[in-house]
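Step one of this worksheet: look at the structure below.
The values are calculated or read from the model by the stated rules, or taken from the named source; none is laboratory data. Fair warning: this is a prediction, and the values are worked out from it, not measured in the lab. Neighbour counts are summed over all protein chains in view; Cβ atoms, including those assigned to glycine, are modelled from backbone coordinates with ideal geometry.
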Amino acid sequence: MTIIPATKAEPGDTRERILDVALDLFIEKGYDKTSLREIAEGLGFTKAALYYHFPSKQDILMALHYRSHSLLADSMASLKELDSDPAAWADIFDRQIDDMLANRKLFLMHERNRAALESIHEKDHDQGHQDLEDHFRRILQNPKVPLRSRVRLACAQGALLGGLMISGLSFTEVPVDELAGLLRETVRDTLGAPGS
């Protein structure tokens with residue numbers, strides 16, 4: 001399997017270094033087959049030192065899951081402030097594409113560990129996930145924005161998530177620049193934005 005580079009944490013940020021090592025292991029081996037001992041060994045830690053930062057492996061998985069939430073939160077906030085201008089929406093999606101591709105490993109981890117994430121969602125309601133979905137639905141329900149534009153916006157978001165998440169490992173061999181260009185083209189076509 002090809003491992004795609006992700007933005008690495010600063011050397012002094014132990015918690016983020018733990019997440020980076022766990023991310024690689026969860027992609028390579030899967031959440032269920034990765035032990036806390038392996039994560040600790042990847043950092044040169046003892047399991048006890050790892051427990052200081054994360055009480056459980058599930059806490060590590062959720063922290064990684066919340067990294068992806070933070071990527072979407074800013075763009076959702078920006079979308080709320082806009083009217084129905086497809087070009088302005090396309091600019092926000094461009095930033096979202098850049099952020100998501102710079103952190104592509106998070107989306108591979110989600111796909112590779114879907115069952116584990118769904119199990120956690122069932123046990124502990126993921127309020128952050130629900131908040132993002134509710135926020136997006138409020139944008140789509142804004143009567144000031146024409147229905148046609150709201151439908152295009154929903155479909156553009158779906159195209160982006162489909163291209164990076166639902167597609168799973170289908171595009172891992174595609175160079176980042178090429179995939180970014182194709183995603184931008186698809187989003188702009190869907191939005192009916194200039195340049196499509």
Residue pairs qualifying under the 7 Å Cβ cut-off, at least six apart or on distinct chains, with the first in region 41-62 being closer than 25 Å to H110 by Cβ and touching a residue at least 60 places away in the same chain (Cβ under 8 Å) and the second being of a type in the set (S, T, Y) and loosely packed, with under 15 Cβ neighbours inside 10 Å, are none
Out of all the residues in region 174-186, is one or more in a loop (DSSP other than H, G, I, E, B), surrounded by 13 or more Cβ atoms within 10 Å (Cβ to Cβ), modelled with pLDDT of 85 or more and of a type outside the set (A, V, I, L, M)? no
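Residue-by-condition table, conditions (1) at pLDDT 90 or above; (2) surrounded by fewer than 18 Cβ atoms within 10 Å (Cβ to Cβ); (3) over 21 Å from the mean Cα position of the chain (by Cα); (4) under 30 Å from N142 (Cβ atoms):
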residue	(1), (2), (3), (4)
A9	no, yes, no, no
R17	yes, no, no, no
L25	yes, no, no, no
G42	yes, yes, yes, no
H53	yes, yes, yes, no
L72	no, no, no, yes
A88	no, yes, yes, yes
Any residue at all in region 150-172 that is closer than 21 Å to L61 by Cα, at pLDDT below 85, part of a helix (DSSP H, G or I) and in contact with a helix residue (DSSP H, G or I) (Cβ under 7 Å, 6 or more places away or on another chain)? yes
Residue pairs, Cβ under 7 Å, 6 or more apart or interchain, first in region 152-165 and without any contact (Cβ under 8 Å) to a residue 24 or more places away in the chain, second surrounded by 15 or more Cβ atoms within 10 Å (Cβ to Cβ) and aliphatic (A, V, I, L, M). List them. A154/L140; G163/L183
Identify, from the list R95, R104, R37, the residue that is free of Cβ contacts under 8 Å to residues at least 24 places away in the same chain and within 20 Å of A156 (Cα to Cα). R95
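Quick grid of which residues meet (1) outside any helix (DSSP H, G or I); (2) modelled with pLDDT under 85; (3) not basic (K, R):
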position	(1), (2), (3)
F93	no, no, yes
L101	no, no, yes
K105	no, no, no
M109	no, no, yes
A116	no, no, yes
H121	no, yes, yes
H125	yes, yes, yes
D131	no, yes, yes
H135	no, yes, yes
